[in-house]
Amino acid sequence: MVILQNLPQTFGFAGFLPKGVLDFLNNFFAPVGNATMNISAMFIAFGVAYQLAGKYKQPKVFAGAVSLSCFLMLTLVGTDKTQGAFFPIQQLGAQGMFVAIITALVSCEIYCRISRANITIKLPDSVPPMIGQSFVAIIPGAAPLFLFNCIRYIFTYTSYKDAIDFVYKVLQQPLMGLGDTLPAVLIAVFFMQLFWWFGIHGTLLVDSIIQPIMDSLALQNYNAYRNGIDAGHLPHIINTTFMGVFVMQVLQLGIALVFAFWLAKSARMKTTMKTVLVPSIFNVSEPMTYGLPVVLNPLIFIPWILAPMASTLISYVAIAIGLVPRPIGATVVWSMPIFISGWLGTGSIAGAILQLVDVVVMTVIFIPFLMVLDKSYLKDEQAQMAKETAE
């Protein structure tokens, strides 16, 4: 929706449209953002507890509802003479993400531990199951609510006034400042690729650490872009969109194209690359990782680590010097085809061109190493053919 809202700016014809049309687009699409991305902390508070309770085999909806209530309890309630009490929407979005995660983990843990200890109100078997289940959840649900209400009360006597403001200023802002740096993202990419080389899902492992930071940075860009700030002047270069569009999506495509149809001599390499080609367009890396193979392959280690880091560096510099707009924070599905994702992620065709540059650079880095691997495959195939002929 944010892309549709800003289409005139994206294609450069905003100056030719009446102000009323631009105002209509902003007013028409803005509520969609307020009802989705700008309350993402609420979804996190419910969703994390919901999934965690499922792992513990406890009632998921009750656990999610208790977690959401605990999170809202920590949110500073504002008042207005005409509209009454309200929740500040900034605390329900990027600013509240860390608190939402912490709240979900703590409240769900308390809820599930009490439930498993059977510290519940049990009604006779004659009571309908639906009513009995609601009574069973009273004590496990009341305990975390009481705890978080005490936390809320304590913070009213501090200069922060609420827990979300405290966590945001003391923990989240410093981490976001650290995450929005080139060295930090290069370290993340290094370990991501290193884990993949060992056969471990590096993206999943590293994302579990950096995702909350990247999501917060993306949401800040989204809000700034939605409020009319030009994509070249958004607050952050690095965020979830940057990682997905310019780091993880451009690794395999060029390599597969070049070796499938031009450079590969061995049947194994040709077959592998043709198999990898279509999944690579949709950002599926497993056929390359396990089919080449990448895992524990010493010939592939150097380019496997170096190429994504080079792509990250090139993309960062291109955005920093203004050749490409900063990622606008729009959610781009991880399986979105390459080049389309670059355009959607930046709101500009320059994003797709940058992806093409990354593909070329990464392919050039890989070519010498894959040619050595291809020769070894060809040698093995020729030896096998000679053996079969002799027999």
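Just a few scattered comments:
- Vicinal HN-Hα couplings computed from phi for segment 293-304 (Karplus, 6.51 cos²θ - 1.76 cosθ + 1.60; Hz; Gly/Pro x): x, 8, 4, 6, 9, x, 5, 9, 4, 5, x, 4
- Per-residue [θ]222 nm for the chain (sum of -39500 (n - 2.57) over DSSP H runs n ≥ 4, rounded to 500): -21000 deg cm²/dmol
- Radius ratio Rg over Rh of the chain, counting only Cα atoms, Kirkwood formula for Rh: 1.08
- Cut-off of 10 Å, at most 11 other beta carbons, DSSP loop: longest stretch of the chain lacking such trypsin sites (Lys or Arg not before Pro): 123-391
- Taking every Cα-Cα distance in segment 180-390 and sorting them into 10 Å bins from zero, the calculated P(r) comes out as 9, 34, 32, 16, 6, 2, 1, 0 percent.
- Between 322, 158, 292, the Cα set farthest toward the positive side of the dipole of the chain (charges on each charged residue's Cβ, about the Cα centre) is that of 158.
- Ranked 262, 197, criterion: other C-beta atoms within 10 Å, fewest first: 262, 197
- Fluctuation leader among 352, 117, 218 - the chain, Gaussian network, Cα springs under 10 angstrom: 117
- DSSP-assigned coil residues among chymotrypsin sites (Phe, Trp or Tyr not before Pro) in segment 105-173, each with at most 11 further Cβ atoms within 10 Å: 157
- Total charge dipole magnitude, the chain, about the Cα centre, Cβ charges on Lys, Arg, Asp, Glu only, Debye to nearest 20: 440 debye
- Calculated P(r) tail over 19 Å for segment 19-113, as whole % of Cα pairs: 49 percent
- Footprinting exposure proxy for 389, 156, 120 (fewest neighbouring C-beta atoms within 10 Å first): 389, 156, 120
- As a ratio to 2.2 N^0.38 Å, the alpha-carbon radius of gyration for segment 89-173 is 1.40.
Bear in mind these aren't lab numbers, they're just calculated from the coordinates by the rules spelled out. Since the structure is predicted, the reported quantities are computational estimates derived from the model, not experimental observations. Reconstructed Cβ throughout: ideal geometry from the backbone, glycine too, with neighbour counts over all protein chains shown.
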